[in-house]
Amino acid sequence: MTARQVLVVDDEIGIRELLRDILQDEGYQVRLAENAAEARTWRQQTRPDLVLLDIWMPDCDGISLLKEWGNGGLLTMPVVMMSGHGTIDTAVEATRIGAFDFLEKPIALQKLLKTVNAALKHGEQLPRSDMNLVNLGKSAVITELRQRLEQVASLKSALLLIGAKGSGLELCARFLHQPGSTWLELGETERLASAPLELLEQASDGLLFIPEVADLNKTEQKGLLLMLAKAEKYDVRVVCGTARALPQLVAEGLFDSNLLQALSVTTVSVPALEDHREDIPDLARSMVTLMVETGEAAYREFDIAALNALRNADWPGNLAQLDSVIRNLVQTSLGEKITLADVNRVTGQFAQMHQENAGSVAAISLAIDLERPLREARDDFERLYFEHHIVKAGGNMSKVAENVQLERTHLYRKLKQLGVKPK
């Protein structure tokens, strides 16, 4: 079994070395930091099992560092505060922010070992870091987004999140979700048509999230409308996302006007990544730190030119695309640091894929008469779409249903309506 790792942060060399010697004798792996800056670096590169953190340090006090980790989603390990000048007020403040316990110097050996053991047991129950709204950045538009979400957090009415695909709608929904309560993300939308009240019962006292409300068919839309009317009875907050212009879909007869009216009571717009480019360097570092946390990869730094290139690149896929690029860079770059050449290599590959996709779209547009009425043109597209997937799956209709994410009976009904025969 790997030894537990303890990070000791104290500006007094005598205290650091004494704690290191004691803890190493107990079988722990010990890292030392003499100030907050060193502690930040260690935390960015790894998740220690426990931090012993001095309150009084010259560059940044321990309470401020504790707050910083908490606000950044990095307080996923137990922290025990230490101080030779401690007061009850300081201890209460530290534990309120998220510290596990408080030790006064000089620290008695038995008290130290008992506290370390209890903190490590507590740490086993703590969740690891995950991408959250805090990671999105500190720019004005993201700060404003957080403020709007905080303002609507206590409301019971449905919420519509409006933003481009990949811009972080789920992160916003999770921000509104109360820890310990039910979280239900609706992937199988057919249940809205067949059992909307069962869904409410399943999400009771929690939050139900529908990622793209524009994808619902007419029957599912009616089920959602019923669900919204009954949600308060089950104490469920319904949050829907969309990247589409719903009023336009209503005008085209594709979306229920009553449902749009119900969803429009509370709406929040989520900015695209290009609207807060200044956050991209911090986002990139956060994504790497999360990969370290989950054991997916060892920590990698970016050089300045690489971060500038990421900030200035185009991100039509928003956060989802940035996340893919960062994962690619961490896993395939060869040097100690991720460089400008690495960024150009990976983003160049994605740009080539984008060009190929654009060529495919152009080919489809040539095969469809774009001057025809919308409904007829859409039917032409769907015929091409399903014929492509039938050929791709070699006529295996179970595979087609899985690839296009439709239930098989729904798929056969759709094919019959379009006049497409399974091969």
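The values are calculated or read from the model by the stated rules, or taken from the named source; none is laboratory data. Everything quoted here is computed from the prediction, not taken from an experiment. We place every Cβ from the backbone using ideal geometry, glycine too, and count neighbours over all the protein chains shown. These area figures cover heavy atoms from the full protein model, side chains too; ligands, DNA and RNA do not enter into them. Shrake-Rupley method; radii C 1.70, N 1.55, O 1.52, S 1.80 Å.
Using 0.36 nm per residue of separation minus the Cα-Cα distance, give me the extension gain between Ser64 and Ala118 in nm, one decimal. Don't skip to the answer; put the middle values down first.
Values: separation 54, 0.36 × 54 = 19.44 nm, distance 2.39 nm.
The span from Ser64 to Ala118 would gain 17.0 nm if fully extended.
For a straight C-alpha distance cut-off of 27 angstrom, the lysines reachable from Lys421 (same-chain residues fewer than eight places away being disregarded) are Lys218, Lys392, Lys399. Our estimate of slack between Glu278 and Arg146, defined as 0.36 nm per intervening residue step minus the Cα-Cα distance, is 45.8 nm. For the chain, the fraction of 1.4 Å probe accessible surface lying on carbon and sulfur atoms is 51 percent.
The Cα trace of the chain gives Rg and Dmax of 26.3, 83 Å, the first to one decimal, the second as a whole number. Packing, taken as the mean count of other beta carbons within 10 Å per residue, orders the peptides 282-290, 330-338 from highest to lowest as 282-290, 330-338.
Computed with a 1.4 Å probe on the full set of protein chains, the accessible area for Ser204 sits at about 40 Å². Between helix 340-367 and the chain, what is the angle of the helix's C-alpha long axis to the longest principal axis, kept within 0 to 90° and rounded to the nearest 10? With rounding to tens, the tilt is 10 degrees.
Given the peptides 90-102, 71-83, arrange them by the average over their residues of other C-beta atoms within 10 Å, most packed first. If you can, show how the numbers build up before the last one.
Numbers: 90-102: 17.2, 71-83: 20.7.
Highest mean packing first, the order is 71-83, 90-102.
How much accessible area per residue does the chain have, counting only protein heavy atoms and a probe of 1.4 Å, in square angstrom? Walk me through the intermediate numbers first.
Numbers: 22220 Å² over 423 residues.
Normalised by residue count, the accessible surface of the chain is 53 Å².
Taken about its Cα centre, segment 282-334 carries a charge dipole of roughly 60 debye when the Cβ of each Lys and Arg holds +1 and the Cβ of each Asp and Glu holds -1.
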